[in-house]
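One structure is given below, encoded as structure tokens.
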Amino acid sequence: MEPARLMSFNVRYDTATDGVHNWAHRRRLVAETVRYHDPDVVGVQEAMTHQLRELESMLPAYEWVGDPRDTAARSGEHTAVGYRRARFTAAATDTFWLSETPEAANSVGWDARHPRVATWARLHEPGADRAMVVLNTHLDHQGERARREGIKVALARLAGLVDDDVVVCCGDFNCVVGDPAHAAASDYPLPDGRHLRDSRRLAPRCHGPTTTRTDFEGLVPDMGIDHVFVSDDVEVTGWSAVTDRDDTHYASDHLPVVVDCLF
């Protein structure tokens, strides 16, 4: 089995109202955090178009795929998938909307406040027996029904993509362990009899806090809302909520989640 490191990271959209914590003051720290922890695959949430372009420039080892959630806005947020270009190639990729009409660009589902999307990529590694299918998403922060129904749309699409591939589902779920959207992904049956599992449950050791939220300067307790699920044939060797920061702030209002595994 080959080792791989996965990361899910809500990088916080660029807004002037964040003041000294806005993107201009955090972008290098975000890139340095990714570079230091060196994931093979990373799913980012809330990356506006210009933020994603800056990450591309600062992290040349990665190729990025994914479309914005609002195609009418030049700065629309992405749930992009980044992968180490020296290791993988993307055989296929797509972005769809978490709504009653997933192919309808900009569609808003149920009681969501914003359009929400998921991006998937089928990654091939030369010489590997199987591909890796990665789905990255960001569920609505306001609509409980939108989270519950949106994850169903994402999981159904994921199930239709996989054969015997390694499966990864990650993102900002905007809900904690045990809430309906998290529960829907936990033990979700894949077509070949495998199931998705929360990587934290599978890890023999976990590092860092249970929360994954910050206010940039401190941790916000009881907010473990960022999750990484893997198919149950993946051996998880470690899980971490990364608390790296500089003298001023954390890199985002979310902590990145890092998962080490063998597949």
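For Arg194, all conditions in the list (1) of a type outside the set (Val, Ile, Thr); (2) at pLDDT 95 or above; (3) under 18 Å from Pro3 (Cβ atoms); (4) surrounded by 15 or more Cβ atoms within 10 Å (Cβ to Cβ) hold save one; what is the number of the exception?
(3)
Could you pull out the residue among Arg28, Arg53 that is over 20 Å from Val259 (Cβ atoms) and touching a residue at least 12 places away in the same chain (Cβ under 8 Å)? Before the answer, list the steps.
Working: Arg53 fails: touching a residue at least 12 places away in the same chain (Cβ under 8 Å).
Testing whether each residue is over 20 Å from Val259 (Cβ atoms) and touching a residue at least 12 places away in the same chain (Cβ under 8 Å) leaves just Arg28.
For the structure I just gave you, tell me whether Glu217 is more than 27 Å from Phe88 (Cα to Cα), modelled with pLDDT of 95 or more, of a type in the set (Asp, Glu) and crowded, with 19+ Cβ neighbours inside 10 Å. Quick ask: steps written out before the conclusion?
Working: more than 27 Å from Phe88 (Cα to Cα): yes; modelled with pLDDT of 95 or more: yes; of a type in the set (Asp, Glu): yes; crowded, with 19+ Cβ neighbours inside 10 Å: no.
Judged against the criteria, Glu217 is not a match.
Conditions: (1) surrounded by 20 or more Cβ atoms within 10 Å (Cβ to Cβ); (2) more than 20 Å from His141 (Cβ to Cβ). Pro60 meets all but one. Number of the miss?
(1)
Might you let me know whether the range 80-90 holds any residue that is out of contact with any strand residue (DSSP E or B) (no Cβ under 9 Å at 6 or more places or on another chain) and in contact (Cβ under 8 Å) with a residue 12 or more places away in the chain? Working first, answer last.
Applying the first criterion (out of contact with any strand residue (DSSP E or B) (no Cβ under 9 Å at 6 or more places or on another chain)) to the range 80-90 yields 86.
Retained after the next criterion (residues that are in contact (Cβ under 8 Å) with a residue 12 or more places away in the chain): 86.
For the range 80-90, residues out of contact with any strand residue (DSSP E or B) (no Cβ under 9 Å at 6 or more places or on another chain) and in contact (Cβ under 8 Å) with a residue 12 or more places away in the chain: present.
Yes/no matrix, rows are residues, columns are (1) closer than 24 Å to Leu155 by Cα; (2) under 14 Å from the mean Cα position of the chain (by Cα); (3) among the hydroxyl-bearing types (Ser, Thr, Tyr):
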residue: Asp198; (1), (2), (3): yes, yes, no
residue: Pro204; (1), (2), (3): no, no, no
residue: Gly208; (1), (2), (3): no, no, no
residue: Thr212; (1), (2), (3): yes, yes, yes
residue: Met223; (1), (2), (3): yes, no, no
residue: Asp226; (1), (2), (3): yes, yes, no
residue: Asp233; (1), (2), (3): yes, no, no
residue: Thr243; (1), (2), (3): no, no, yes
residue: Ala251; (1), (2), (3): no, no, no
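Which one of these is modelled with pLDDT under 95 and more than 24 Å from Thr33 (Cβ to Cβ): Asp233, Asp179, Asp164? Lay out the reasoning, then the answer.
Working: Asp233 fails: modelled with pLDDT under 95; Asp179 fails: modelled with pLDDT under 95.
Among Asp233, Asp179, Asp164, only Asp164 is modelled with pLDDT under 95 and more than 24 Å from Thr33 (Cβ to Cβ).
In the range 43-56, how many are within 15 Å of Leu29 (Cβ to Cβ) and either in contact with a strand residue (DSSP E or B) (Cβ under 8 Å, 6 or more places away or on another chain) or not acidic (Asp, Glu) (or both)? Outline the logic, then answer.
If we filter the range 43-56 for residues that are within 15 Å of Leu29 (Cβ to Cβ), which is where we start, we get 44, 47, 51, 54-55.
So of that shortlist, the ones also either in contact with a strand residue (DSSP E or B) (Cβ under 8 Å, 6 or more places away or on another chain) or not acidic (Asp, Glu) (or both) come out as 44, 47, 51, 55.
Residues in the range 43-56 being within 15 Å of Leu29 (Cβ to Cβ) and either in contact with a strand residue (DSSP E or B) (Cβ under 8 Å, 6 or more places away or on another chain) or not acidic (Asp, Glu) (or both): 4 in total.
Return only the number of the condition from (1) more than 18 Å from the chain's Cα centre (by Cα); (2) crowded, with 17+ Cβ neighbours inside 10 Å; (3) of a type in the set (A, V, I, L, M, F, W, C) that Ala128 does not satisfy.
Of (1) more than 18 Å from the chain's Cα centre (by Cα); (2) crowded, with 17+ Cβ neighbours inside 10 Å; (3) of a type in the set (A, V, I, L, M, F, W, C), only one is false for Ala128: (2).
Looking at Ala112, Ala91, Ala72, which is the one that is surrounded by fewer than 16 Cβ atoms within 10 Å (Cβ to Cβ) and farther than 19 Å from Val134 by Cα? First the steps, then the outcome.
Details: Ala112 fails: surrounded by fewer than 16 Cβ atoms within 10 Å (Cβ to Cβ); Ala91 fails: farther than 19 Å from Val134 by Cα.
Only one candidate qualifies: Ala72.
Could you run through the range 208-237 and say how many residues are in a strand (DSSP E or B), touching a residue at least 60 places away in the same chain (Cβ under 8 Å) and more than 21 Å from Ala181 (Cβ to Cβ)? Full working, then the answer.
Residues of the range 208-237 in a strand (DSSP E or B): 213-214, 219-220, 226-231, 235-237.
Imposing the further condition that a residue be touching a residue at least 60 places away in the same chain (Cβ under 8 Å) reduces the set to 226-231, 235, 237.
With the extra rule that they be more than 21 Å from Ala181 (Cβ to Cβ), the set shrinks to 235, 237.
Total satisfying the criteria: 2.
Taking the range 167-188 only, how many residues are farther than 22 Å from Ala4 by Cβ and in contact (Cβ under 8 Å) with a residue 40 or more places away in the chain?
The total comes to 6.
Please determine whether any residue of the range 114-129 is among the basic types (Lys, Arg), under 25 Å from Arg35 (Cα atoms) and touching a helix residue (DSSP H, G or I) at 6+ places or on another chain (Cβ under 9 Å).
To start, the set of residues in the range 114-129 that are among the basic types (Lys, Arg) comprises 116, 122.
With the extra rule that they be under 25 Å from Arg35 (Cα atoms), the set shrinks to 122.
From what's left, touching a helix residue (DSSP H, G or I) at 6+ places or on another chain (Cβ under 9 Å): 122.
Checked against the condition, which is being among the basic types (Lys, Arg), under 25 Å from Arg35 (Cα atoms) and touching a helix residue (DSSP H, G or I) at 6+ places or on another chain (Cβ under 9 Å), the range 114-129 yields at least one hit.
The values are calculated or read from the model by the stated rules, or taken from the named source; none is laboratory data. Note that the structure is a prediction, hence the values are computed from the model and not measured. A quick note on method: Cβ atoms are made from the backbone with ideal geometry, for glycine too, and the neighbour counts reach across all protein chains shown.
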